[in-house]
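The values are calculated or read from the model by the stated rules, or taken from the named source; none is laboratory data. The model shown is predicted, which means the values in this text are computed figures rather than measured ones. Cβ atoms come from the backbone with ideal geometry, glycine included; neighbour counts cover every protein chain shown. SASA here: full protein model, heavy atoms, side chains in, ligands and nucleic acids out. Shrake-Rupley method; radii C 1.70, N 1.55, O 1.52, S 1.80 Å.
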Amino acid sequence: MRIDLHAHSNVSDGTQAPADVVAAAAEAGLDVLALTDHDSTDGWAEASRAAREHGVALVPGMEVSCRTAEGISVHLLSYLHDPAHPGLLEEIAKAKDARHTRAQRMVSLLAEDYPLTWDDVIHHVAPGATLGRPHIADALVAAGVVEDRSEAFSAILTSRSRYFVQHYAPEPALAVELVRAAGGVPVFAHPVASARGRIVGERTYREMIDAGLAGLEIYHRDNPEEGREFLRGLAERHGLLVTGSSDFHGAGKPNVLGENLTTPEVLARIEELGSGTAVVR
Ligand code: AMP
Ligand code: FE
Ligand code: FE
Ligand code: ZN
């Protein structure tokens, strides 16, 4: 069984439509795929139809943007939550709106130094999609400023850059609580991805665990080996599930479907715990 529990479509910052992501998963020999767009479940219906067509099982999911009080960005994967839960919907709507204003601010700053307009960015965003820095990166690629998204992030768009602007997002423990309240299974995405920005300390882990965190995404290319050892210890001590995933973004990142996998035992636990919706088979 090949199970990949983290992938993006153009409903957020992936480059392919949900049905095409599922087709690519079938092509890559995956048996199970989770679609986990940032702050949106808009791709679930299309992905579900494609999953039945291609004989791939689809785990409906989402990646919730969070931010700690100190301003550290945290991504929380949610599996099998009720997409209509009001409390969770309200928070992701707030984050999604804030992402829009934030992208506009970043574009104004960037426009002082680069040939970039808001229209250039919007050109790369599917209607209704969750806006992110990758869309700004696409506009910089189109303008010939950088070669690809990776170069845009390393040179211009990193969280340490002077063009970087933060956006509202719920605190991680609140997001964990809301995901649980919506019948979902909360898993901390790439927890020690230090190349992306600052990573959280013990206190945030404790708060998330107390709020009902179910698992840690340990097998992800952005988690350095030293950090994985720490995470394995934490999972052991607190009985947390351990997942592995690709974080596929289509052509937007080098990550390939199935490059990290989750065991069938862990998927079975996720199915037992999740009560907001079901795996599509
Ligand atoms: P944002 O959501 O606007 O803060 O942008 C963060 C998103 O950018 C993440 O979800 C990643 O998918 C993407 N990202 C981060 N680093 C890179 C990179 N080096 N190359 C391509 N995409 C990246
Ligand atoms: Fe992303
Ligand atoms: Fe993420
Ligand atoms: Zn992701």
> Is it fair to say LEU76 is part of a helix (DSSP H, G or I), open to solvent by less than 10 Å² (accessible area, probe 1.4 Å) and either away from ligand 2 (no atom under 16 Å from the Cβ) or not polar (S, T, N, Q) (or both)?
Replying inline: no
> Within the set of pairs 6 or more residues apart or between chains, which connect a residue that is of a type in the set (Asp, Glu) inside the range 27-55 to a residue that is outside any loop (DSSP other than H, G, I, E, B) with Cβ atoms less than 6 Å apart?
Replying inline: ASP39/SER65; ASP39/ILE92; ASP39/ALA95; ASP39/LYS96; GLU46/PRO18; GLU46/ALA19
> When you go through ALA26, ALA111, ALA93, ALA51 one by one, which is the residue that is aliphatic (A, V, I, L, M), over 19 Å from the mean Cα position of the chain (by Cα) and open to solvent by 40 Å² or more (accessible area, probe 1.4 Å)?
Replying inline: ALA111
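Yes/no per residue for (1) hydrophobic (A, V, I, L, M, F, W, C); (2) within 16 Å of ligand 3 (Cβ to nearest atom):
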{"position": "GLY87", "(1), (2)": "no, no"}
{"position": "GLU90", "(1), (2)": "no, no"}
{"position": "ALA95", "(1), (2)": "yes, yes"}
{"position": "ALA98", "(1), (2)": "yes, no"}
{"position": "ARG102", "(1), (2)": "no, no"}
{"position": "ASP113", "(1), (2)": "no, no"}
{"position": "HIS123", "(1), (2)": "no, no"}
{"position": "PRO127", "(1), (2)": "no, no"}
{"position": "VAL145", "(1), (2)": "yes, no"}
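Considering the range 29-48 alone, what residues qualify as being under 27 Å from ASP97 (Cβ atoms), assigned to a loop (DSSP other than H, G, I, E, B) and open to solvent by 10 Å² or more (accessible area, probe 1.4 Å)? Can you show your working first?
Here is the first cut: in the range 29-48, the residues under 27 Å from ASP97 (Cβ atoms) are 34-48.
With the extra rule that they be assigned to a loop (DSSP other than H, G, I, E, B), the set shrinks to 36-37, 39-43.
If the condition is that a residue be under 27 Å from ASP97 (Cβ atoms), assigned to a loop (DSSP other than H, G, I, E, B) and open to solvent by 10 Å² or more (accessible area, probe 1.4 Å), then THR41, ASP42 are the ones that fit.
Pick from the range 54-73 the residues that are hydroxyl-bearing (Ser, Thr, Tyr) and open to solvent by less than 20 Å² (accessible area, probe 1.4 Å): which of them is farthest from ligand 3 (Cβ to nearest atom)? Spell out how you get there, then give the answer.
Quick first cut of the range 54-73, residues hydroxyl-bearing (Ser, Thr, Tyr) only: 65, 68, 73.
From what is left, the residues that are open to solvent by less than 20 Å² (accessible area, probe 1.4 Å) are 65, 68.
Values: SER65: 8, THR68: 15 Å.
Among residues in the range 54-73 that are hydroxyl-bearing (Ser, Thr, Tyr) and open to solvent by less than 20 Å² (accessible area, probe 1.4 Å), the one farthest from ligand 3 (Cβ to nearest atom) is THR68.
Can you pull out every residue in the range 229-256 that is assigned to a helix (DSSP H, G or I) and either among the hydrophobic types (A, V, I, L, M, F, W, C) or surrounded by 18 or more Cβ atoms within 10 Å (Cβ to Cβ) (or both)?
In the first step, residues of the range 229-256 are kept if they are assigned to a helix (DSSP H, G or I); the result is 229-238.
The answer is PHE230, LEU231, LEU234, ALA235.
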> If we keep just the residues of the range 1-23 that are part of a helix (DSSP H, G or I) and within 16 Å of ligand 2 (Cβ to nearest atom), which is surrounded by the fewest Cβ atoms within 10 Å (Cβ to Cβ)?
Replying inline: PRO18
> Is there a residue being in contact (Cβ under 8 Å) with a residue 40 or more places away in the chain, assigned by TED's automatic domain parsing to the domain that holds THR68 and more than 23 Å from GLN16 (Cβ to Cβ) anywhere in the range 109-116?
Replying inline: no
>> Let me spell it out: the conditions are (1) of a type in the set (A, V, I, L, M); (2) open to solvent by 60 Å² or more (accessible area, probe 1.4 Å); (3) under 20 Å from the mean Cα position of the chain (by Cα); (4) within 16 Å of ligand 1 (Cβ to nearest atom), and ILE122 meets all of them except one. Which number is the exception?
In response: (3)
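Of all the residues that make up the range 192-228, how many are within 16 Å of ligand 2 (Cβ to nearest atom) and open to solvent by 70 Å² or more (accessible area, probe 1.4 Å)?
Quick first cut of the range 192-228, residues within 16 Å of ligand 2 (Cβ to nearest atom) only: 193, 195-197, 217, 220-223.
Filter once more, so that each one left must be open to solvent by 70 Å² or more (accessible area, probe 1.4 Å): 195-196, 221.
Final tally of qualifying residues: 3.
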